[in-house]
Amino acid sequence: MRKIVTCIHCLMFILSPYALFGQNDYGFRHLQTIYKGDTVDILVKSKKGEEQKKKPLFFFCQGSQPIPLIITYDQNGRQGIYSVFPFNPDSLSNEYHLAIISKPYVPLIVNQKSLSDDLTYKDNTGQYPRKYIERNLLDYYVKRDKSVIRFLRKQNWISKDKLVIAGHSEGSAIAAKLALTSNSVTALIYSGASPMGRIMTIIERSRAKETDSTREAEADINYWEKIVADPGNMDGGDRDAYGTTYQFSIPLIRYVEKLKIPVLVTYGSKDASAPFNDYLRVETIRQKKKNFTFKAYIGTEHNFFPLKPDGTVNYDIFNWDKVAGDWRTWLTGK
C-alpha cells in the first residue's frame, strides 16, 4: 500500500512551540462528548477573559494521520507544547470560539518522545491503533463531527448566528462534506486539498518526480485498481487502509459545486493539488458562481512554505499566520 507521507521537517515547523503553559493548563478548554460509544476530546481556544462571552463557532478539521492534538516536549528542562492549530488562533479568537477535535482512539496528550519520527501515535505493536484504523473514514468523521458540533452549539457561550467550518488537507474533505450535509454551516474555508480527490494528488506527486524508468504514477494507478476492487478493506497497520483512500478519493468537487454558502479556497501554487484547484476556479467562473473566493499563494507548497530556486522547501519562511489572517479578513466581509 501507498500513502501520502508527511514530511517530518515540515511538521515540526507547523507544530512549532506556540506557548509555554503550566503543568495542568495548556491554554485550551478541554471538553468531552460521546459519539456511538467513542469518547471524543474537544479543545476550545477562546480569547483570554472571554471564555463565557457568546461568540460563533469556528470548527477546524485537522489533516491526516493519528497525530495527538497536544504534543508536549522537554528541551533541556524547558517544557511546553507544540501548536495545536497550524496557525496562531489568537486573531480569529477575537470573533470566534475555535474548536478542534481528536482523532479516534488517539490520546489527547502525548510526549514527543513517545511518538514516531513523523509524530504519529502507534500502539505497543508498532502499528496505528486498530480502532483508529477502523474509524479513519470520511463518512465516520463527517457524522462524528456533526454530532460534536451539535454538542458545542448547545453551550451557552456559543452563538447560533454563524458557523464557520474550516479544514486543511484531509480536513478540507471533511469540512466540505460537513458543509454540504449541514444546514447550520454559514461559511466554508477549504484549504490545501484536491477537489479531484486523494488518489489524484498521489498520482500528481509521482508525475512530478518520476522518470521513464521509475514510472511511479503507473504504480499508483495499479494501486488504485486494487483499492476499487476491495473498497471495504480496512487493514491498515501503519498506513491508510484501502477503505480510507477510497472514501477520500471521491472527488470533492461533487460536494463543493453544490454549495450555496460562501466558500474560500486557499492553496499553494506549487502544491500537487494546485492544478485541480485552478480547475475548480475556472469551473466556478464558467458556471458564474458568485459564492466562491480563491486565494493562491504563489510559489508555496502544501503547507504554504515557499520553494527555493532549486525546488527545495524554504522552512525559514512561515506563512500559516498570514493565511489565517487572510481567512479572518475574508470572514469579516461576510
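Here are the numbers for the structure shown:
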{"read-out": "Cβ pairs under 6 Å, 6+ apart, first in the stretch 193-219 and within 26 Å of Phe294 (Cβ to Cβ) and assigned to a helix (DSSP H, G or I), second of a type in the set (Phe, Trp, Tyr) and open to solvent by less than 40 Å² (accessible area, probe 1.4 Å)", "value": "Arg198/Phe248"}
{"read-out": "Test set (1) in contact (Cβ under 8 Å) with a residue 40 or more places away in the chain; (2) in a helix (DSSP H, G or I); (3) open to solvent by less than 60 Å² (accessible area, probe 1.4 Å) - Tyr190 fails condition number", "value": "(2)"}
{"read-out": "Given (1) modelled with pLDDT under 95; (2) over 27 Å from Tyr246 (Cα atoms); (3) open to solvent by 40 Å² or more (accessible area, probe 1.4 Å); (4) part of a loop (DSSP other than H, G, I, E, B), index of the condition Lys3 fails", "value": "(2)"}
{"read-out": "Residue in the stretch 294-334 that is farthest from Asn277 (Cα to Cα), counting only those that are among the β-branched types (Val, Ile, Thr) and open to solvent by less than 30 Å² (accessible area, probe 1.4 Å)", "value": "Val323"}
{"read-out": "Selection from the stretch 234-250 of residues that are open to solvent by less than 30 Å² (accessible area, probe 1.4 Å) and in a loop (DSSP other than H, G, I, E, B)", "value": "Gly236, Gly237, Asp240, Ala241, Ser249"}
{"read-out": "Matching residues, the stretch 32-45, being open to solvent by 30 Å² or more (accessible area, probe 1.4 Å) and in a strand (DSSP E or B)", "value": "Gln32, Ile34, Thr39"}
{"read-out": "Output for the stretch 258-274, where each listed residue is at pLDDT below 95 and surrounded by fewer than 18 Cβ atoms within 10 Å (Cβ to Cβ)", "value": "Lys258"}
{"read-out": "Odd one out for Pro68 among (1) under 28 Å from Trp330 (Cβ atoms); (2) within 17 Å of the chain's Cα centre (by Cα)", "value": "(1)"}
{"read-out": "Top-ranked residue in the stretch 113-130 [being open to solvent by 60 Å² or more (accessible area, probe 1.4 Å) and more than 20 Å from the chain's Cα centre (by Cα); ranked as nearest to Gly77 (Cα to Cα)]", "value": "Lys113"}
{"read-out": "Residue tally, condition free of Cβ contacts under 8 Å to residues at least 24 places away in the same chain and aromatic (Phe, Trp, Tyr), over the stretch 111-161", "value": "0"}
{"read-out": "Residue in the stretch 46-62 that is hydrophobic (A, V, I, L, M, F, W, C) and either at positive phi or in a loop (DSSP other than H, G, I, E, B) (or both) present", "value": "no"}
{"read-out": "Asn88 under 22 Å from Ile42 (Cβ atoms), modelled with pLDDT under 95, over 20 Å from the mean Cα position of the chain (by Cα) and not charged (D, E, K, R)", "value": "no"}
{"read-out": "Neighbours by Cβ (under 7 Å, 6+ apart or cross-chain): first from the stretch 270-295, without any contact (Cβ under 8 Å) to a residue 40 or more places away in the chain and closer than 14 Å to Pro195 by Cα; second in a helix (DSSP H, G or I) and among the β-branched types (Val, Ile, Thr)", "value": "Phe292/Thr284"}
{"read-out": "Residues that are out of contact with any helix residue (DSSP H, G or I) (no Cβ under 8 Å at 6 or more places or on another chain) and open to solvent by 20 Å² or more (accessible area, probe 1.4 Å), drawn from the stretch 95-107", "value": "Pro107"}
{"read-out": "Residue tally, condition part of a helix (DSSP H, G or I), more than 22 Å from His168 (Cβ to Cβ) and either under 19 Å from the mean Cα position of the chain (by Cα) or not hydrophobic (A, V, I, L, M, F, W, C) (or both), over the stretch 134-154", "value": "2"}
{"read-out": "Residues being outside any helix (DSSP H, G or I), over 14 Å from Pro86 (Cα atoms), in contact with a strand residue (DSSP E or B) (Cβ under 9 Å, 6 or more places away or on another chain) and polar (S, T, N, Q) - total across the stretch 281-334", "value": "4"}
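The values are calculated or read from the model by the stated rules, or taken from the named source; none is laboratory data. These numbers come from a predicted model, not from an experiment. Note: ideal-geometry Cβ built from the backbone for every residue, glycine included; neighbour counts use all protein chains shown. Ligands, DNA and RNA are stripped out before the accessible areas are found, and what is left, the full protein with its side chains, is counted by its heavy atoms. Shrake-Rupley method; radii C 1.70, N 1.55, O 1.52, S 1.80 Å.
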